[in-house]
Structures are given as C-alpha cells and as structure tokens.
1. Taking θ = phi - 60°, what integer Hz values does the Karplus form 6.51 cos²θ - 1.76 cosθ + 1.60 yield along segment 46-60, in sequence order, with x for Gly and Pro?
2. Counting other Cβ atoms within 10 Å of each Cβ, which GluC sites (Glu not before Pro) in segment 20-76 have at most 15 and sit in a DSSP loop?
3. In whole Å, what are the extents of segment 5-91 along the principal axes defined by its C-alpha atoms, from largest to smallest?
4. So what does the Cα-only Debye profile of segment 10-55 read at q = 0.22, 0.24, 0.30, 0.31 Å⁻¹, as log10 I(q)/I(0), no solvent term?
5. Calculated from DSSP H runs of 4 or more alone, at -39500 (n - 2.57) each and per residue, what is the 222 nm mean residue ellipticity of the chain, nearest 500?
6. Can you work out ³J(HN,Hα) from phi for every residue in segment 28-39, in order, using Karplus 6.51 cos²θ - 1.76 cosθ + 1.60 and θ = phi - 60°, giving whole Hz and x for Gly and Pro?
7. Quick check: net charge around Thr29, other residues with Cβ under 15 Å of its Cβ, Lys/Arg +1 and Asp/Glu -1?
8. List the aspartates and glutamates whose alpha-carbon lies under 15 Å from that of Lys48, not counting same-chain residues fewer than 8 positions away?
Amino acid sequence: MFIPPVALGLNMMQLAYESNLVIGLRLMTLGAGGQKAAAEAQLMIAEKMKLASLLTIENAFALAQGQSIEKTQARSVSRYLRVVQANRRRLSK
C-alpha cells in the first residue's frame with residue numbers, strides 16, 4: 001500500500017500542532033502542583049514508554065514481514081496522533 005507523502009506530511013504537521021497544545025496543557029497542570037500534577041507526570045512517562053515500546057515491536061515485525069517503511073511510518077504517526085488527541089481532550093476538561 002502506497003502512502004502519499006503529502007498525507008504523511010499533513011499527519012505529521014497535525015501531530016506537531018496537537019503535541020504543542022498538549023505540552024501547554026500539561027505545563028499548566030504540572031505548574032499547579034499537588035496530587036493531580038504528580039499523577040499526570042507518572043501517566044505521561046508511562047504512556048510514552050508503553051507506546052514507544054509497542055510501536056518498536058510492531059514495526060520490527062511489520063518490516064520483517066516485508067511491509068514498506070512508508071506504511072510503518074504512517075501507522076506510527078497515526079497511533080501517536082490518536083494518543084495525543086486523547087490527551088488533549090482529557091486535559092482540556
């Protein structure tokens with residue numbers, strides 16, 4: 001399956017935009033301190049480690065099975081984007 005470079009680029013731009021929003025929301029949460037800030041810091045670290053290790057394994061198997069690098073890149077960006085969007089919705093409440 002061919003992933004058009006423009007579609008991948010747009011997803012990456014959206015990921016960068018959403019990530020900046022989440023960083024700002026997290027900084028406000030962490031800056032407020034307290035139990036909520038501690039819980040957010042732990043969640044942030046655990047979430048990043050879990051997703052990075054999961055995608056590393058999935059992509060290794062996909063590449064070993066002959067899938068294209070473009071397809072694995074697009075899937076990784078999409079997965080990160082979904083997680084970042086979920087964080088934005090959660091932190092915006």
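What follows is calculated from the coordinates using simple rules that are stated; it is not laboratory data. All figures in this text were calculated on a predicted structure; none of them were measured in a lab. Using ideal geometry, Cβ is built from the backbone for each residue, glycine included, and neighbour counts are taken over all protein chains shown.
1. 4, 5, 5, 5, 5, 5, 5, 5, 4, 5, 4, 5, 4, 5, 4
2. On the way: sites: Glu40, Glu47, Glu58, Glu70; in loops: none.
Answer by residue number: there is no such site.
3. 48, 26, 14
4. Taken in order of the listed q values, log10 I(q)/I(0) reads -0.85, -0.91, -1.01, -1.02.
5. On the way: 3 runs with 82 residues, N = 93.
Estimated from H runs of four or more residues: -31500 deg cm²/dmol.
6. 5, 5, 5, x, 6, x, x, 5, 5, 5, 5, 5
7. Details: positive: Arg26, Lys36, Arg88, Arg89, Arg90, Lys93; negative: Glu40, Glu47.
The answer is +4.
8. Of all the aspartates and glutamates, those that pass the test against Lys48 - Cα under 15 Å, at least 8 places apart if same chain - are Glu40.
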